[in-house]
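Participant: Take a look at the following structure, please.
The values are calculated or read from the model by the stated rules, or taken from the named source; none is laboratory data. None of the values given here were measured: they were computed from a predicted structure. Cβ placement follows ideal geometry from the backbone for every residue including glycine, while neighbour counts extend to all protein chains displayed.
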Amino acid sequence: MVRGVRGATTIEDNTKQEIISATEKLLREMIDANNIKATDVAQILVSTTDDINACFPAAAVRLLEGWTFVPVMCMKEIPVPDSLPLCIRVMMTVNTEVEQSDITHIYLEKAILLRPDLTKHIDS
């Protein structure tokens, strides 16, 4: 069956190095927490708030060994007033037999504020 694995993080500065580093860390934690293999991933969608534009955060996927053929796309979040700034969100669509309630969603840095009800990992 197909499941969505969610994740989000924030950065302090809109720089290529920080965007890629934060996204790679988020992806690795999502993968590790859910025992995800690249061959089980249908796609990864990466969104950013309007204040992130120094690079495409989806480029971080290419730093993961064996993930070359996973389709990845970047997009912008809708600009909701007073929303969390400098935020990168990831939706990974995965083929798995894991129950939806057993998926571990990862929220790092200030992004833990987005879904404290789903946050099983806190890193601030």
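Participant: Are any residues in the range 1-53 part of a strand (DSSP E or B) and over 15 Å from the mean Cα position of the chain (by Cα), and if so, which ones?
Facilitator: Matches in the range 1-53: Val2 only.
Participant: Pick from the range 60-72 the residues that are more than 12 Å from the chain's Cα centre (by Cα) and among the aliphatic types (A, V, I, L, M): which of them is farthest from Leu26 (Cα to Cα)?
Facilitator: Within the range 60-72, the match that is farthest from Leu26 (Cα to Cα) is Val70.
Participant: Filter the range 73-90 down to the residues that are surrounded by 11 or more Cβ atoms within 10 Å (Cβ to Cβ), of a type in the set (D, E, K, R) and either outside any strand (DSSP E or B) or within 13 Å of the chain's Cα centre (by Cα) (or both) and list them by number.
Facilitator: Within the range 73-90, Glu77, Arg89 meet the criteria.
Participant: Name the residue, out of Asn34, Asn14, that is under 13 Å from Leu86 (Cα atoms) and either touching a residue at least 40 places away in the same chain (Cβ under 8 Å) or of a type in the set (D, E, K, R) (or both).
Facilitator: Answer to the selection: Asn14.
Participant: Quick one: in the range 41-59, which of the residues that are more than 10 Å from Val72 (Cα to Cα) and among the polar types (S, T, N, Q) is surrounded by the fewest Cβ atoms within 10 Å (Cβ to Cβ)?
Facilitator: Within the range 41-59, the match that is surrounded by the fewest Cβ atoms within 10 Å (Cβ to Cβ) is Asn53.
Participant: Test Leu114 against the stated conditions and say whether it is crowded, with 17+ Cβ neighbours inside 10 Å and modelled with pLDDT of 95 or more.
Facilitator: No.
Participant: Here's a follow-up. Can you pull out every residue in the range 2-47 that is of a type in the set (Asp, Glu) and out of contact with any strand residue (DSSP E or B) (no Cβ under 6 Å at 6 or more places or on another chain)?
Facilitator: Residues satisfying the conditions are Glu12, Asp13, Glu18, Glu24, Asp32.
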